[in-house]
């Protein structure tokens, strides 16, 4: 199920689909899981608020680009993902880490080690992959530089937050870095979205 906006974006990528607005009749199904009275935290996740998360990153001043499938979701494309992927300027690791502290996200590497390795993870029951290298190379040998992507970035308003993503062409480049089968499908969706926007 998608919002009306995302449903409309789906019809752009797949013109043979249409948007359906369900009637308010809901089917209720009771669900229960037996737990011992001492297991009060067993099934409790964090109270992660995505808009507050994006707002905190924006307020930090960190040069962070949302990439990966979550960027496609922000564009309204019909893909599923369970995590977040950012490409971060290497000088802004401390800013991002500080911004995500209220969400109890713990870095798996200290900033110097993350710079040396070129990536790190912020996680609790959420998972944020953070790429911190200055440049990456696509499978066909094209160098993709963070500073170039940042200069061509697009901003998207999500609630009260502004999220920076690469341009569509640059998102396609980032998908050519790993070039997995799901990246090929994402590239197809991005190219179709670009065609529709250019019409």
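The values are calculated or read from the model by the stated rules, or taken from the named source; none is laboratory data. This one's a predicted model, so the numbers in the text were calculated from it and none came from an experiment. Reconstructed Cβ throughout: ideal geometry from the backbone, glycine too, with neighbour counts over all protein chains shown.
Each row is one residue, and each column tells you yes or no for (1) over 30 Å from residue 102 (Cβ atoms); (2) under 16 Å from the mean Cα position of the chain (by Cα); (3) at pLDDT 95 or above.
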{"site": "118", "(1), (2), (3)": "no, no, yes"}
{"site": "125", "(1), (2), (3)": "no, yes, no"}
{"site": "129", "(1), (2), (3)": "no, yes, yes"}
{"site": "147", "(1), (2), (3)": "no, no, yes"}
{"site": "166", "(1), (2), (3)": "no, yes, yes"}
{"site": "174", "(1), (2), (3)": "no, yes, yes"}
{"site": "187", "(1), (2), (3)": "yes, yes, yes"}
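Scan region 58-116 for residues that are out of contact with any strand residue (DSSP E or B) (no Cβ under 6 Å at 6 or more places or on another chain), outside any helix (DSSP H, G or I) and within 15 Å of residue 134 (Cβ to Cβ) and report the count.
2
Filter region 87-127 down to the residues that are touching a residue at least 40 places away in the same chain (Cβ under 8 Å) and closer than 19 Å to residue 180 by Cβ and list them by number.
Scanning region 87-127 gives 87, 127.
Report those strands (runs of 3 or more DSSP E) wholly inside region 136-199 carrying at least 1 residues which are surrounded by fewer than 16 Cβ atoms within 10 Å (Cβ to Cβ) and out of contact with any helix residue (DSSP H, G or I) (no Cβ under 9 Å at 6 or more places or on another chain).
143-145, 154-158
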